[in-house]
Amino acid sequence: MPSVFETAPAASAIPITFATKATWDATCAELPAQARQFALANGFAAKPGACLALPSADGQIAQIVFGLEEKNAKSLDLFRPGLLPGLLPPGVYRFANAPHDTRLAVLAFALGSYRFSRYRKSDAADVRLVPPDGIDAADTKRMADAAALARDLINTPANDMGPEELALAAQHLANRFDANFNCIVGDDLTRQNFPLIHAVGMASSRAPRLIDLTWGDPAHPKVTLVGKGVCFDSGGLDLKPSAGMLIMKKDMGGAANVLALAQMVMDAKLRVRLRVLIPAVENAVAGNAFRPLDIFTSRKGLAVEIGNTDAEGRLILADALALADEENPDLLVDLGTLTGAARVALGPDLPPFYTNDETLALDIAACAKQENDPLWRLPLWPAYDAWLDSKVANITNAPSGTFAGSITCALFLQRFVEHAKSWLHVDIYGWTPSAKPARPEGGECQAARAIYKLLGERYG
Ligand code: BES
Ligand code: MN
Ligand code: ZN
């Protein structure tokens, strides 16, 4: 991936001056007369996100002025500079002064440079930045590259991103970092006791599979990441209506994000024994599809009644979590685009997370804030656990009511985690519905940077 960062010495880099409404007058007064006149003539007032190129006497671009919120503004968006790559003419730039948070501004600049160009050449300008002194450009690039990986995987439509292609992406990553790669495909899932992954995936002509990547020193703490890899979620026989099905290519967003996280962990050589498990399936409709009220005995031995074939993500995660749990990991993390209810509760930009480890809850919330990768804790509310009761099996995958849908999904998953020392579950959305600074419309990297930060603090 071409880097947005210019590492060659760039004395000629065009300076970007950040200003707020409050600081603009002073900044403006300092400008050479012609540039000042140009800014005034354009009515520039340093409104958040406003950008203006100021000319030199010979008509070159002498500098850029860019508006930010006041530091204490309610609407403060530390990723605002992520708009710059979409606004600037081609060239090499540098920061002339400090935005509110320089590190996040540089990250935003990199994240905002992302374009999905698999099917059509991007017409974006070639805009590069000389990283300011004191910024760890390598780590910032690591984060931006990981976000681009997650976005590319999610944005690639289901016809080109089925279970096999998702497995190939994981294998590619494994090869790059010399990790072990294993994949259990199709009927072997039954033979090796992954009944739920097989049940959800069998109706598709594209065979379901369980991707298993391991990396690092076996003596290091065991960190296992599990990602929901539903390459397309039609809902199954409980078919989704068109509007609900439209963006379901993103239903492998959990898988995309654990791969992004794994890439950061391996690239940074964190001191962990990493394992990545991705159940990869397509939730399709066919004569052999699993049906409402079917009952399957899961890997863990729990009889699971299918209340709704559209609650498929928790089913495939259940078998993968059970496998992960068998080796008593120190930290078990799962990510998935599991419920519409999470979006109803908190919207697309603020995924709920669940854990009973109070230290982990505090730590991950702090990391999420620091990385501007927001997460919000919701409870594993014990009293709702009984809603998962089935009249004929051990558990149902879809309680009859619609209340607290994200919580009951988390409680379902919790039944399959017993031995892990610590467990974190994040119900992500994986998608930006309309573009925001540093966050172009489409597939999104969510929770991966926050968790990478946490792992770096614990195992760096
Ligand atoms: N992939 C969906 C969840 C989803 C839907 C995420 C829309 C983001 C946007 C998941 O498989 C699903 O369909 N969940 C159902 C669960 C229900 C049937 C218990 C849901 O949320 O409606
Ligand atoms: Mn579904
Ligand atoms: Zn789904």
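The values are calculated or read from the model by the stated rules, or taken from the named source; none is laboratory data. Source: prediction; values computed, not measured. Don't worry about glycine lacking a Cβ; one is built from the backbone with ideal geometry, like all the others, and counts go over all protein chains shown. Please note that ligands, DNA and RNA were not included when accessible areas were found on the heavy atoms of the full protein model with its side chains. Shrake-Rupley method; radii C 1.70, N 1.55, O 1.52, S 1.80 Å.
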- Note on the structure: By the Cα gyration tensor axes a ≥ b ≥ c (a/c under 1.5 gives rounded; else a/b larger than b/c gives prolate, otherwise oblate), the shape of region 324-406 is oblate
- If packing is taken as the mean number of other Cβ atoms within 10 Å per residue, what is the order of 120-126, 404-410, highest first? 404-410, 120-126
- Long-range HN-HN contacts of residue 334 with modeled amide H, under 5 Å: 226, 424, 425, 426
- Task: Mind jotting down the distance between the C-alpha centroids of region 404-460 and region 319-344, whole Å?
- Result: 9 Å
- Kirkwood hydrodynamic radius (Cα pairs, Å) of region 404-460? 13.9 Å
- For an R0 of 41 angstrom, estimate the FRET efficiency from the Cβ-Cβ distance between residue 60 and residue 177 and round to the nearest 0.05. 0.40
- Message: Residues of region 305-349 with the amide nitrogen closer than 20 Å to a label point 7 Å from the Cα of residue 239, along Cα-to-Cβ, please.
- Response: 307-313
- Distance from region 188-213 to region 1-31 (C-alpha centre basis), Å: 52 Å
- Task: Would you compute, from DSSP H runs of 4+ residues alone, the mean residue ellipticity of the chain at 222 nm, taking -39500 (n - 2.57) per run and dividing by the full residue count, rounded to the nearest 500?
- Result: -9500 deg cm²/dmol
- D_trans [Stokes-Einstein, Kirkwood Rh over alpha-carbon pairs] for region 250-293, 10 °C, 1.306 mPa s, µm² s⁻¹: 121 µm²/s
- So what's region 40-172 giving for Rg/Rh, alpha carbon basis, Kirkwood Rh from the mean inverse pair distance? 1.05
- Alpha-carbon Rg with Dmax, taken over region 1-111, Å: 13.8, 41
- Note on the structure: Between residue 328 and residue 138, the two model label points (7 Å from Cα along the beta-carbon direction) sit apart by a distance in nm of 3.6 nm
- Rounded tilt (10° steps) of 405-414 against the dominant C-alpha axis of the chain: 60 degrees
- Relative frequency of Cα-Cα separations exceeding 35 Å in the chain, percent: 34 percent
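So, with a 1.4 angstrom probe, what is the percent of accessible area on region 380-460 that is carbon and sulfur?
Looking at region 380-460 in its full context, I get 53 percent from C and S.
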- Task: In nm, give the distance between the simple-model label positions of residue 126 and residue 356, each being 7 Å from the Cα along the Cα-to-Cβ direction.
- Result: 5.6 nm
- Degrees separating the helix 21-30 axis from the principal Cα axis of the chain, which is the longest one: 40 degrees
- Message: Taking the Cα of residue 22, stepping 7 Å toward and past its beta carbon, and measuring to each backbone N in region 54-84: which are under 14 Å?
- Response: 68-76
- Task: Consider a paramagnetic label point 7 Å from the Cα of residue 12 along Cα→Cβ; state which residues of region 86-120 have an amide N under 18 Å from it.
- Result: 89-95
- Item | Gained length - residue 370 relative to residue 422, 0.36 nm times residue gap less alpha-carbon distance | 16.5 nm
- Query: What's the FRET efficiency of residue 246 with residue 391 using the Cβ-Cβ distance as r and R₀ = 25 Å, to the nearest 0.05?
  - Reply: 0.10
- Task: Just order 449-460, 330-341 by mean Cβ neighbour count inside 10 Å, highest at the front, would you?
- Result: 330-341, 449-460
- Query: What FRET efficiency comes out for the pair residue 41/residue 349, r = Cβ-Cβ distance, R0 = 35 Å, nearest 0.05?
  - Reply: 0.40
- Note on the structure: For the chain, the longest principal axis of the Cα atoms and the Cα long axis of helix 137-155 enclose an angle in degrees, to the nearest 10, of 50 degrees
